[in-house]
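Each remark here refers to the structure printed beneath this line.
The values are calculated or read from the model by the stated rules, or taken from the named source; none is laboratory data. Everything quoted here is computed from the prediction, not taken from an experiment. Every residue, glycine among them, receives a Cβ derived from its backbone with ideal geometry; neighbour counts consider all protein chains shown.
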Amino acid sequence: MLLRTIIAVLLFLAALACIKYSFTIMAVGSGSKFFIFWDVCGVIFILLGISVFSGFFSHIPTALKAVFFSLAGILAVLFAVIVSLIYSSYKKEAPKDLDYVIVLGAQVKPDGPSVVLSYRLQAALDYLQSNPDTKCIVSGAQGSNEPCTEASAMCDWLTSHGIERDRIILEEKAVNTRQNISYSKEFIPEGSSIGIVTNRFHMYRALFLCRKFGIADPQPVNADSLRKYEPNNVVREFFGVLKDWIF
């Protein structure tokens, strides 16, 4: 009974942490509904805690429990593999003097770029200042909760920070990462060296999609991200990578 109680308490604490984190993510107002994932996790932990504490879990047929733990194990292995691949791109550095860098879009708020996009723009600015012959493609359409296209907002930000307008190409149709890359590629001459500017948690998937769209040797230009949102970003990327692997 004591062991059941301890396990149940741990599950309830995990549920509380998930639900609290959901509110943290929701408060960002990014337009994404992924915070619901953490609510779902919280509900699952609550149900597991109740089933363990009440003794119901011990009455579940052994075969059914074996299926449950097998599926959970497979998911855990997949998660570990994909997350290790995501983290493998964190410390990679781009070579100097790339011909083009593509800045992947993210949310624009009424008062300017979101935190995620601000980090991407800062990474792009640093690279462009250090490599004056590199051209920049800013990619992103206008979402329903955005005051302008992501591309135009990025262009305005970069020019206001000293980047010449004739170094910037706008791609204003893309609504997701796949389109960011495929549409931007149309502006780039064959044989050019290409860098991708995005947050480090997003880099593995971005480079994977570049190769799928025929960019043979894409280079990472990593941007930072806020640590407290890292679990949400990495878990979201896990599902994104898994989707791209399958489809």
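Overview of values
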| quantity | calculated |
| --- | --- |
| Qualifying residue in the range 19-28 (condition: at pLDDT 95 or above, more than 17 Å from residue 231 (Cα to Cα) and among the β-branched types (Val, Ile, Thr)) | no |
| Those residues of the range 206-246 which are touching a His at 6+ places or on another chain (Cβ under 9 Å), of a type in the set (S, T, N, Q) and part of a helix (DSSP H, G or I), in sequence order | 233 |
| Enumeration of residues in the range 103-136 that are among the aliphatic types (A, V, I, L, M), without any contact (Cβ under 8 Å) to a residue 60 or more places away in the chain and in a strand (DSSP E or B) | 108 |
| Filter result (in a loop (DSSP other than H, G, I, E, B) and among the hydrophobic types (A, V, I, L, M, F, W, C)) within the range 167-205 | 174, 175, 187, 188 |
| Criterion: out of contact with any strand residue (DSSP E or B) (no Cβ under 9 Å at 6 or more places or on another chain) and within 30 Å of residue 215 (Cα to Cα) - qualifying residue of 70, 84, 89, 114 | 84 |
| Candidates 45, 35 - the one that is over 21 Å from residue 181 (Cα atoms), surrounded by 17 or more Cβ atoms within 10 Å (Cβ to Cβ), among the aromatic types (Phe, Trp, Tyr) and over 19 Å from the mean Cα position of the chain (by Cα) | 45 |
| Residue that is nearest to residue 31 (Cα to Cα), among those in the range 107-124 that are within 16 Å of the chain's Cα centre (by Cα) and of a type outside the set (A, V, I, L, M) | 107 |
| When residues of the range 152-191 are limited to those that are charged (D, E, K, R) and touching a Gly at 6+ places or on another chain (Cβ under 8 Å), the one surrounded by the most Cβ atoms within 10 Å (Cβ to Cβ) | 171 |
| Whichever residue in the range 214-228 is of a type outside the set (Gly, Ala, Ser) and within 24 Å of residue 158 (Cβ to Cβ) and, among such residues, is surrounded by the most Cβ atoms within 10 Å (Cβ to Cβ) | 221 |
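Residue by residue, here is whether (1) assigned to a strand (DSSP E or B); (2) closer than 30 Å to residue 131 by Cα; (3) out of contact with any Asp or Glu (no Cβ under 6 Å at 6 or more places or on another chain) holds:
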residue	(1), (2), (3)
22	no, no, no
41	no, no, yes
45	no, no, yes
63	no, no, yes
69	no, no, yes
77	no, no, yes
81	no, no, yes
96	no, yes, yes
